[in-house]
Amino acid sequence: MPGNLRFGAILSAIIASAIYFMMGFAFPIVNAPINSYVMLNTPKELLGRVSSVVGMVCMCMTPLGSAIAGAVSEKVSIPVVFFISGIMIILLSVFVSINKNFKNS
């Protein structure tokens, strides 16, 4: 039995590493349109300030999101947390794709 547990842990680590590797490629794909949108819709004299605020908010959301996910995962199982997160991402993607104001700017 302990051998199976070790093999499962190794396999899980390999799968997790592969997923994180793919996520590393996905972040620039997501961030480039967001940064382009901010740059195109911000007056030139405010671009530095707006970019700083956007960067600060993104940096602050990382530990805040981890803290919230940790607190929620103590009450709800981890797969449910991932499922809810996935649904929220899908809904946000659909909203942005059908929002005419976002598409036209």
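Using just its DSSP H runs of length 4 or more, each adding -39500 (n - 2.57), the chain gives a mean residue ellipticity at 222 nm of -31500 deg cm²/dmol after division by all residues. Taking I87, I78, I19 as the candidate residues, the one with maximal mean-square fluctuation in a Gaussian network model of the chain, Cα springs under 10 Å, is I19. Please report how far the C-alpha centroid of the stretch 53-83 lies from that of the stretch 13-38, rounded to the nearest whole angstrom. Between the Cα centres of the stretch 53-83 and the stretch 13-38 lies a distance of 17 Å. The alpha-carbon atoms of the chain define a convex hull whose volume equals 134 cubic angstrom per residue. Take the chain, connect every pair of alpha-carbon atoms lying under 10 Å apart with a spring to form a Gaussian network, then pick out the residue of M56, M22, M39 with the largest mean-square fluctuation. Taking springs between Cα atoms under 10 Å, the residue moving most is M22.
Read-outs: derived from the displayed coordinates by stated rules, not from any lab. Since this is a predicted model, take the numbers as computed values, not measurements.
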